[in-house]
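Only one structure is covered here, and it is reproduced in the block below.
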Amino acid sequence: MGFIAESLKTAFTLILSLDQEVFSAVWTSLGVASWSIIFAGLLGIPVGVAIGLVEFRLKRAVITVLNTLMGVPTVVIGILVYSFLSRQGPLGFWGLLFTPKAMIVGQTLLAAPIVAAYTVTAIKAADWRVLPTAFTLGAGRLQSMAQLMREARFGMMAAVVAGFGRVISEVGVAMMIGGNIRLYTRTMTTAIALETSKGEFATGLALGMILMVVALSVNLLLNALQQGRHA
């Protein structure tokens, strides 16, 4: 118990003193995750809306693939992106491997299926009576679709929040294609793994506490959006 108490005391000291090592990992995590979810939203929301609105022969199969991709191991995404961005890969000449940009690419691919799948669910759960009502009031096809998307806005926002929660806490992509470089690509999750393996339990604990606060905030926001949708 003395070891845990001392580690907690040191962890709080690191947080309150804004330790450079700790907060460099925090800002890297938040920055990479934020850009990743922006790009994932730009990709996933239109795809999800299209799948939700349009009827086609393989629709059920496509939705099954999306649901499968939601749970894909992060190391699979990591090795896929690594193979493209390594020097021997087709995109190696860009020199992106072991940079924050590479991490953003990997985490975007990780989050996009989640955003798309949640968006499909949101569109399917929306009140489709909006469409004939809008047509009756003289709205065009695009205006009617926009109104339906407005009805599903809380679900789509929840999709983005869920995607952010996925990427902020992942470790496989960040480790494999970010390289865990000190003060550059080291995130909260990779730093926790490294510091704990080095015996620096207090530093890992400090980062874990911050990550838990971020995760809790994401879940509270997701619950608020879901409640807003049902209100």
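When Ile63 is evaluated against the numbered criteria (1) closer than 20 Å to Phe39 by Cβ; (2) crowded, with 16+ Cβ neighbours inside 10 Å, which criterion, by number, is the only one it fails?
(1)
In the list Phe164, Phe201, which residue meets the criterion of being among the aromatic types (Phe, Trp, Tyr) and either closer than 29 Å to Ala122 by Cβ or at pLDDT 90 or above (or both)?
Details: Phe201 fails: either closer than 29 Å to Ala122 by Cβ or at pLDDT 90 or above (or both).
Sole residue among the options that is among the aromatic types (Phe, Trp, Tyr) and either closer than 29 Å to Ala122 by Cβ or at pLDDT 90 or above (or both): Phe164.
In this structure, is Leu18 on the phi > 0 side of the Ramachandran plot and without any contact (Cβ under 8 Å) to a residue 12 or more places away in the chain? Steps first, please.
Values: on the phi > 0 side of the Ramachandran plot: yes; without any contact (Cβ under 8 Å) to a residue 12 or more places away in the chain: yes.
Judged against the criteria, Leu18 is a match.
Cβ-Cβ distance below 9 Å, separation of 6 or more or different chains: which pairs start in region 170-183 with a residue that is within 10 Å of Leu194 (Cβ to Cβ) and modelled with pLDDT of 90 or more and end on one that is crowded, with 19+ Cβ neighbours inside 10 Å and not hydrophobic (A, V, I, L, M, F, W, C)?
If the second residue must be crowded, with 19+ Cβ neighbours inside 10 Å and not hydrophobic (A, V, I, L, M, F, W, C), the pairs left are Met175/Thr74; Met175/Gly78; Met175/Thr187; Met175/Thr189; Met175/Thr190; Asn180/Arg186; Asn180/Thr187; Asn180/Thr190.
What pairs come out if I take residues in region 79-102 that are under 19 Å from Arg182 (Cα atoms) and pair them with residues that are in a helix (DSSP H, G or I) and of a type in the set (Phe, Trp, Tyr) whose C-beta lies under 8 Å away, six or more apart or interchain?
As it stands, the answer is Leu97/Tyr82, since those pairs meet every condition given.
Could you grab me the full set of residues in region 187-214 that are of a type outside the set (Ser, Thr, Tyr) and touching a Ser or Thr at 6+ places or on another chain (Cβ under 6 Å)? First the steps, then the outcome.
Just the residues of region 187-214 that are of a type outside the set (Ser, Thr, Tyr), to begin with: 188, 191-195, 198-202, 204-214.
Met188, Glu195, Phe201, Ala202, Gly204, Leu205 - these are the residues of region 187-214 that are of a type outside the set (Ser, Thr, Tyr) and touching a Ser or Thr at 6+ places or on another chain (Cβ under 6 Å).
Which one is farthest from Lys101 (Cα to Cα), of the residues in region 178-210 that are crowded, with 23+ Cβ neighbours inside 10 Å and in contact with a Phe, Trp or Tyr (Cβ under 8 Å, 6 or more places away or on another chain)?
If we take residues in region 178-210 being crowded, with 23+ Cβ neighbours inside 10 Å and in contact with a Phe, Trp or Tyr (Cβ under 8 Å, 6 or more places away or on another chain), then Ala206 is farthest from Lys101 (Cα to Cα).
Any chance you could count how many residues in region 211-228 are crowded, with 18+ Cβ neighbours inside 10 Å and either modelled with pLDDT under 90 or at positive phi (or both)?
Qualifying residue count, region 211-228: 3.
The values are calculated or read from the model by the stated rules, or taken from the named source; none is laboratory data. Since the model is a prediction, treat every value here as computed from it, not as a measurement. When we count neighbours, we look across all protein chains shown, and the Cβ atoms used for this are built from the backbone with ideal geometry, even at glycine.
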